[in-house]
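For reference, the structure is listed below as structure tokens.
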Amino acid sequence: MKYASCRGSVRDQTFEDVLFSGYASDGGMFVPESIPQLSREAIESWSKLPYKEIVKNIISLFVSEEELPKDHLNGLVEKALSRFEHPQIVSVAALKDGLNILELFHGVTAAFKDLGISVLAQLLEHYLNKRQQHVTIVVVTSGDTGSAALEAMRGLKWVDIICCLPRGRTSRIQELQMTTVIEDNVHVYRVDGTSDDIDKHVRPLFTDKEFAQTHRLMSVNSVNWVRIMVQIAHYFHAYYQMCGDCNDEVNIIVPTGGCGNITESIQFSTDFLLS
């Protein structure tokens, strides 16, 4: 599997290249050059799997075993999801009139982003140990991304994480989640303006290829493909909970800010096209 910028100027990137990237040098996001399609047999065989196994299968679609051996992948996912308080990791609550809620808040910070970023952190640790190389993560947050990223990256040997949050524009609990992570590799700053204002100043750091490479910058915001990839599992799991025989349609309402959740749902529906 190779990856390319959605703007077309950067191509033929490996999964490891994309893992350590933020924006591509042309300002685009990295996405797979081709989308895997699942057979009906594969779709049906996944329907009885627990959430963790679906995550492993999704990653295997986009990362070859040559790049990440299966036993390593299994161990990384198990470790990443070990801190979730619910035994199913992701659960479904049935309400009245056929409405169901997919509960994505059982992680350490009660944000759905715990799911994607916790796996991303373990992948980082794996590859950085192999490289014996340091990276600096830069996060711009409106609240929950910062909390989840800091919790997942805290104490990692080869990572420093810089988190910028908008002063007075996050909830009190989210600000406390970020400002009370006391680790040598964690650096948190409150910045005047909105998260979009901050992002305008951060994006050029990544599009300056020489600067980004010199300081080994990377992002764990939703511009990082790994988060999108892992979170595709939400939709498979939700569909299977509602439709175990895989023969019916399910309407999914998606709350989204920067459209990361929508991107995952589109990827999910594309994967469901039968080969």
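Of all residues in region 15-67, how many are farther than 11 Å from Tyr3 by Cα and touching an Asp or Glu at 6+ places or on another chain (Cβ under 6 Å)?
1
Considering only residues that are of a type outside the set (Val, Ile, Thr), in contact (Cβ under 8 Å) with a residue 24 or more places away in the chain and surrounded by fewer than 16 Cβ atoms within 10 Å (Cβ to Cβ), which ones fall in region 2-15?
Those that are of a type outside the set (Val, Ile, Thr), in contact (Cβ under 8 Å) with a residue 24 or more places away in the chain and surrounded by fewer than 16 Cβ atoms within 10 Å (Cβ to Cβ): Lys2, Cys6.
So, in region 47-104, of the ones that are of a type in the set (Ser, Thr, Tyr) and part of a helix (DSSP H, G or I), which residue ends up most open to solvent (accessible area, probe 1.4 Å)?
Ranking the candidates gives Ser60 first.
Identify, please: which residue in region 225-236 is surrounded by 23 or more Cβ atoms within 10 Å (Cβ to Cβ) and in contact with a helix residue (DSSP H, G or I) (Cβ under 6 Å, 6 or more places away or on another chain) and is, among those, nearest to Leu150 (Cα to Cα)?
So, considering only residues that are surrounded by 23 or more Cβ atoms within 10 Å (Cβ to Cβ) and in contact with a helix residue (DSSP H, G or I) (Cβ under 6 Å, 6 or more places away or on another chain), the one nearest to Leu150 (Cα to Cα) is Arg227.
Could you please let me know if Asp271 is modelled with pLDDT of 80 or more and among the acidic types (Asp, Glu)?
No.
Which residues, counting only those in region 205-224, are of a type outside the set (A, V, I, L, M, F, W, C) and either open to solvent by 80 Å² or more (accessible area, probe 1.4 Å) or part of a strand (DSSP E or B) (or both)?
Lys209, Glu210, Gln213, Thr214, His215, Arg216
Being farther than 26 Å from Val230 by Cα and either in contact with an Asp or Glu (Cβ under 6 Å, 6 or more places away or on another chain) or among the hydrophobic types (A, V, I, L, M, F, W, C) (or both) narrows it down to one of Leu156, Leu165, Leu176, so name that one.
That would be Leu176, the only listed residue that is farther than 26 Å from Val230 by Cα and either in contact with an Asp or Glu (Cβ under 6 Å, 6 or more places away or on another chain) or among the hydrophobic types (A, V, I, L, M, F, W, C) (or both).
The values are calculated or read from the model by the stated rules, or taken from the named source; none is laboratory data. Computed from a predicted structure; not experimentally measured. Ideal geometry is used to build each Cβ from the backbone, glycine not excepted, and the neighbour counts take in all protein chains shown. When the accessible area is computed, the model is the full protein with side chains, heavy atoms only, and any ligands, DNA or RNA have been set aside. Shrake-Rupley method; radii C 1.70, N 1.55, O 1.52, S 1.80 Å.
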